[in-house]
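The values are calculated or read from the model by the stated rules, or taken from the named source; none is laboratory data. All of these numbers come straight from a predicted model, not from anything done at the bench. All Cβ positions, even for glycine, are placed from backbone atoms using ideal geometry, and neighbour counts span all protein chains on display.
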Amino acid sequence: MDLDDLNTIAEKERAFHKKTVIRCCTAAGCMSSHADAVKAGLEKAVRDTGLGDRVEVRGVGCMRLCCQGPLVGVEPGGILYEKVTPEDAPSLVASTEGAPTKVARGNPDHPFFRKQMSIVLANSGEIDPERIESYIEAEGYRGLNTVLLEMAPKDAVDCVIKSGLRGRGGAGYPTGLKWATVAKTPAAQKYVVCNADEGDPGAFMDRSVLESDPHSVLEGMAIAGYAVGASQGFIYVRAEYPLAIKRLQTAIRQAKQIGLLGSGIFESPFNFNIDIRIGAGAYVCGEETALMASIEGKRGTPRPRPPFPAESGLWGCPTLINNVETLANIPPIIRKGADWYAAIGTGKSKGTKVFALAGKIANTGLIEVPMGTPLRQIVEEMGGGAPDGAKIKAVQTGGPSGGCIPAHELDTPVDYESLTRLGSIMGSGGMIVMDESTRMPEVARYFMEFCMDESCGKCVPCRAGTVQMHRLLDKIVQREATAGDLSTLEELCDMVRNTSLCGLGQNAPNPVVSTLRFFRDEYLELLRKEPNGEPAVTAGAAPAQNKEAS
Amino acid sequence: MKAVPIGSEKKRVVARVMKHASGDKRFKILEAHIKKFQGRQDSLIEVLHKAQELFGYLEDDLLLFVGYQLKLPPSRVYGVATFYHFFTLKPQGAHTCVVCLGTACYVRGADRVLAAIEAEAKIKAGETTPDRQLSLLTARCIGACGIAPAVVYDGATVPRQTPESAVAQVKGWLPHGP
């Protein structure tokens with residue numbers, strides 16, 4: 001396998017294309033609305049009408065506007081059909097020959113599509129994720145070729161440092177620095193791990209990338225492996241994503257078959273293999289040290305850092321852990337150069353970010369926008385605001401570790417620093433819109449229940465603290481709490497944040513703190529009143545030892 | 001698991017393994033799967049996935065078998081099996097209904113959907129009906145937020161559920177009351 005072979009495969013693939021291409025979304029969202037039957041219907045209709053030499057039906061990845069699925073796109077013409085049923089198939093195929101059709105059309109010029117900037121999702125909705133040829137046609141594996149034949153490992157690390165790419169999994173640590181640390185730690189064996197344990201409720205970006213463009217993640221991992229000197233990679237993916245697992249398995253098999261994974265890739269001395277490890281439903285495994293324990297077949301409990309995984313990770317070897325979206329950014333950065341990437345975004349947050357829009361919003365689905373895009377543009381212009389004329393109250397980012405951004409802060413540009421300033425975090429990119437009917441103390445209780453259930457139990461502040469905070473929040477929601485309970489809750493938040501072992505516990509108070517900061521009135525309204533109408537001040541039954549601990 | 005003197009426990013395990021190897025075909029399949037991983041101890045979670053896929057749930061015997069094959073103490077196998085939500089140590093019903101309680105589903109009324117199913121089936125989340133027909137489970141997030149609230153009926157994700165549509169879906173699986 002060399003560059004010529006890649007080009008030959010791409011040529012062959014191009015020659016195979018027909019004049020008209022019907023793209024049918026086959027990502028998990030549309031699949032649940034029977035997109036597979038739609039695709040089968042389209043294929044049958046093409047066969048029945050004998051249009052096989054002019055029309056091609058292609059199963060593609062996520063076409064983004066999940067709420068209107070199943071989606072079907074027709075090229076040329078840039079036509080988008082929404083909520084397609086298998087019965088619509090014959091009429092859609094006939095329409096490519098000029099016949100009228102009654103199937104509902106979407107508007108591809110809507111800001112939801114027009115304001116997007118695709119780097120990670122460039123192939124999503126365009127290529128067939130189950131065929132490696134389709135990825136190779138779209139410039140796939142050219143980045144790996146460039147790196148292996150023209151760049152020293154150090155050059156590849158420098159390129160990523162220069163691009164300004166930061167981790168897309170939540171914390172936003174500069175990716176290039178992480179690579180450099182692993183690269184300079186001497187060891188006979190190193191590992192590259194792709195963190196695909198997307199546990200934040202409300203986030204489905206990584207699932208979509210894996211389902212729509214699995215090869216870009218594999219290529220990113222191989223480039224990372226070359227840059228840091230690793231020959232083995234692991235993808236840790238949630239068991240809740242069966243379709244993503246299946247497509248990854250297919251992609252790895254295909255890449256091995258034609259020699260893009262395995263030994264002597266592109267006839268260089270570089271070897272790289274990737275294995276899939278399937279999670280078993282533990283949120284804490286998104287934390288890197290817990291994730292490594294899980295890959296080793298143990299209970300997924302975190303351990304104190306340092307040593308950081310970059311120095312001592314899987315089985316004690318230096319390990320590079322990157323998120324799915326981070327790795328999917330690598331091939332385009334190598335192909336188009338660090339300067340091109342660094343020109344996108346803001347001063348400290350470069351490139352684009354994929355967000356999953358969900359909740360009380362008209363257009364739910366996936367969007368990719370440059371860093372620094374104002375929140376208002378995302379939720380009002382692209383997302384179409386809250387449905388049925390309701391008013392947006394808050395936007396929740398960062399899942400159970402994040403916070404709620406109130407409507408009056410919607411002009412905030414979305415980048416790492418601005419969100420942190422508002423007491424939230426970028427997180428993995430879930431964005432859940434809440435309207436006036438959502439009550440904030442209940443939201444805080446919901447997230448605390450989540451953290452309480454998902455706490456691994458290793459450190460006391462998180463194990464006991466989340467339970468106590470949940471009890472207090474429950475008391476508040478039940479209108480039985482006093483002002484004393486509220487201040488105990490705030491003390492506990494502070495204590496759990498500062499003394500927990502890992503990110504789960506440290507960030508568990510975030511939803512409480514941020515809703516208390518912006519929606520304190522709602523909490524005060526729920527406090528128990530004395531008969532004379534004054535708020536009750538007697539301290540509640542909160543355990544005294546917690547106060548001492550803080 | 002009851003406390004048993006170590007020696008006799010070992011004998012019991014060996015006896016079981018012998019019995020399994022000659023009896024139930026599924027143990028053979030599991031054994032082949034373990035061989036595929038060359039009996040590596042870090043494959044424990046993968047092996048438990050396979051075991052649950054074959055047997056439906058992980059009973060004590062099965063955990064002992066896995067521990068014996070991977071040369072891991074029962075405490076380690078039991079510890080891992082109980083740590084992860086995905087593994088179940090109790091038999092499941094013939095049908096499963098998983099209500100997603102992710103944030104997007106939650107703000108779109110998944111709690112009402114769950115309450116409706118609970119009332120209809122007369123069981124709580126996490127339980128199985130006495131006739132072993134329906135297991136009602138909840139998920140943290142199945143990543144189907146664009147089509148919230150979503151419910152997974154027997155492995156098939158169904159979008160935009162309401163209390164009425166969910167009850168209609170599970171009704172057929174429930175015993176017909178008087």
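Quick check on my filter: what residues within region B:103-127 are under 19 Å from the mean Cα position of the chain (by Cα) and farther than 17 Å from B:Gln169 by Cβ?
Within region B:103-127, B:Lys124, B:Gly126, B:Glu127 meet the criteria.
Going by what's in this entry, would B:Val152 be described as crowded, with 18+ Cβ neighbours inside 10 Å and within 14 Å of chain A (Cβ to nearest Cβ)?
So B:Val152 passes the test.
Please go through (1) over 26 Å from A:Glu311 (Cα atoms); (2) assigned to a helix (DSSP H, G or I); (3) in contact with a helix residue (DSSP H, G or I) (Cβ under 7 Å, 6 or more places away or on another chain) for A:Ser208 and return the number of the only condition it doesn't satisfy.
(3)
Restricting to region A:413-440, give me the number of residues that are away from chain B (no Cβ under 14 Å) and more than 20 Å from the chain's Cα centre (by Cα).
Total meeting the criteria: 3.
Which pairs have Cβ atoms under 8 Å, sit 6 or more apart or on different chains, and link a residue in region A:80-100 that is at positive phi to one that is buried (at least 16 other Cβ atoms within 10 Å of the Cβ) and of a type in the set (S, T, N, Q)?
Between residues of region A:80-100 that are at positive phi and residues that are buried (at least 16 other Cβ atoms within 10 Å of the Cβ) and of a type in the set (S, T, N, Q), the close pairs are A:Lys83/A:Ser33; A:Lys83/A:Gln68.
So B:Leu174 passes all but one of these: (1) in contact with a Lys or Arg (Cβ under 8 Å, 6 or more places away or on another chain); (2) in contact (Cβ under 8 Å) with a residue 12 or more places away in the chain. Which condition number does it fail?
(1)
With the requirement that a residue be of a type outside the set (A, V, I, L, M) and over 17 Å from A:Met426 (Cα atoms), what does region A:506-518 give you?
Hits for region A:506-518 are A:Arg517, A:Phe518.
Sort out which residues of region A:273-320 are facing another protein chain (nearest Cβ under 10 Å) and of a type in the set (Val, Ile, Thr), and write them in order of number.
Passing the criteria: A:Ile276, A:Ile278, A:Val284, A:Ile295, A:Thr301.
Please go through region B:53-66 and pick out each residue that is within 12 Å of chain A (Cβ to nearest Cβ) and surrounded by fewer than 20 Cβ atoms within 10 Å (Cβ to Cβ).
B:Glu53
What residue, of B:Arg108, B:Arg112, B:Arg76, B:Arg40, is crowded, with 19+ Cβ neighbours inside 10 Å, among the basic types (Lys, Arg) and either facing chain A (nearest Cβ under 10 Å) or at negative phi (or both)?
Among B:Arg108, B:Arg112, B:Arg76, B:Arg40, only B:Arg108 is crowded, with 19+ Cβ neighbours inside 10 Å, among the basic types (Lys, Arg) and either facing chain A (nearest Cβ under 10 Å) or at negative phi (or both).
If a residue has to be aliphatic (A, V, I, L, M), more than 25 Å from A:Val354 (Cα to Cα) and touching a residue at least 40 places away in the same chain (Cβ under 8 Å) to count, how many in region A:23-63 make the cut?
Residues flagged as aliphatic (A, V, I, L, M), more than 25 Å from A:Val354 (Cα to Cα) and touching a residue at least 40 places away in the same chain (Cβ under 8 Å) within region A:23-63 amount to 8.
Quick grid of which residues meet (1) more than 15 Å from A:Pro509 (Cβ to Cβ); (2) part of a strand (DSSP E or B):
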site	(1), (2)
A:Ile405	yes, yes
A:His408	yes, no
A:Glu417	yes, no
A:Ser424	no, no
A:Ser428	yes, no
A:Ile432	yes, yes
A:Ser437	yes, no
A:Val443	no, no
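When residues of region A:312-351 are filtered for being on the phi < 0 side of the Ramachandran plot and touching a Pro at 6+ places or on another chain (Cβ under 6 Å), how many remain?
Of the residues in region A:312-351, 3 are on the phi < 0 side of the Ramachandran plot and touching a Pro at 6+ places or on another chain (Cβ under 6 Å).
Among the candidates A:Glu126, A:Glu150, A:Glu97, single out the residue that is outside the structural domain of A:Gly365 (by TED's automatic domain parsing) and either buried (at least 22 other Cβ atoms within 10 Å of the Cβ) or under 21 Å from the mean Cα position of the chain (by Cα) (or both).
Just one listed residue meets the conditions, A:Glu126.
Would you call A:Pro400 surrounded by 24 or more Cβ atoms within 10 Å (Cβ to Cβ) and assigned to a helix (DSSP H, G or I)?
Taking the combined requirement at face value, the residue satisfies it.
All but one of (1) small (Gly, Ala, Ser); (2) within 14 Å of another protein chain (Cβ to nearest Cβ); (3) within 16 Å of A:Pro129 (Cβ to Cβ) hold for A:Gly220, so report the exception by its number.
Status for A:Gly220: all satisfied but (2).
Only one of (1) out of contact with any Lys or Arg (no Cβ under 9 Å at 6 or more places or on another chain); (2) more than 25 Å from A:Gly457 (Cβ to Cβ) is not met by B:Gly93, so which one is it?
The one condition B:Gly93 does not meet is (1).
Name, by its number, the condition in (1) among the hydrophobic types (A, V, I, L, M, F, W, C); (2) touching a residue at least 12 places away in the same chain (Cβ under 8 Å); (3) touching a Ser or Thr at 6+ places or on another chain (Cβ under 9 Å) that does not hold for A:Ala293.
Condition (2) is where A:Ala293 drops out.
Do any helices (runs of 4 or more DSSP H) entirely within region A:459-513 hold 2 or more residues that are of a type in the set (Ser, Thr, Tyr), and if so, which?
A:483-499
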